[in-house]
Amino acid sequence: EFPDYHGDKATGKDTLIVVFGPEKARLGYVLLVVSAFLSIALMATIGTFPMLSLIALSASFLVINIVKVLYKNYDNRLLQPANAGTINLHAITGVLFCIGIWFGSV
């Protein structure tokens, strides 16, 4: 995690943030989030998930602000809103995805 970078590096923990460095790790974060949404879209399109599961994609609007904060404040305490945003993104996407699967399977 970005806030733990200096502590992890000092103690020899080889997290992805330490290995790649915080600047490059930002792109990794974006790629992980985008691929999560793309996988939902792909699996709904090919029929693995019900089409209603696409409702989870409506949470993707949160990503824009999270990424803006991440790219601007990846190296300081002002990153906290991006951390909170990531938690909210995960929760909202998960709930919407479950709703889509539950009601789409009926």
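Where a number appears in this text, it was derived from the coordinates with a stated rule and is not lab data. Predicted, not measured: the structure shown is a model, and the values here were computed from it. Positions of Cβ are generated from backbone atoms using ideal geometry, with glycine treated the same way; all protein chains shown enter the neighbour counts.
Any residue at all in segment 88-103 that is at positive phi and either of a type outside the set (Asp, Glu) or outside any helix (DSSP H, G or I) (or both)? First the steps, then the outcome.
Filtering segment 88-103 for residues at positive phi gives none.
So far as segment 88-103 goes, no, none of its residues is at positive phi and either of a type outside the set (Asp, Glu) or outside any helix (DSSP H, G or I) (or both).
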> Restricting attention to segment 54-67, which residues are surrounded by fewer than 17 Cβ atoms within 10 Å (Cβ to Cβ) and among the hydrophobic types (A, V, I, L, M, F, W, C)?
Replying inline: Phe61, Ile64
> Within segment 76-86, is there a residue that is among the β-branched types (Val, Ile, Thr) and outside any helix (DSSP H, G or I)?
Replying inline: no
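Do we have Met51 as closer than 30 Å to Gly104 by Cβ, out of contact with any Cys (no Cβ under 8 Å at 6 or more places or on another chain) and exposed (fewer than 12 other Cβ atoms within 10 Å of the Cβ) here? Outline the logic, then answer.
Values: closer than 30 Å to Gly104 by Cβ: yes; out of contact with any Cys (no Cβ under 8 Å at 6 or more places or on another chain): yes; exposed (fewer than 12 other Cβ atoms within 10 Å of the Cβ): yes.
Taking the combined requirement at face value, the residue satisfies it.
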>> I'm trying to understand the selection: among the residues of segment 54-79, which are under 30 Å from Ser105 (Cβ atoms) and among the polar types (S, T, N, Q)?
In response: Ser58, Ser60
>> Which of the numbered conditions does Phe20 fail, given that it passes all the others? Conditions: (1) out of contact with any helix residue (DSSP H, G or I) (no Cβ under 7 Å at 6 or more places or on another chain); (2) loosely packed, with under 14 Cβ neighbours inside 10 Å; (3) free of Cβ contacts under 8 Å to residues at least 12 places away in the same chain.
In response: (1)
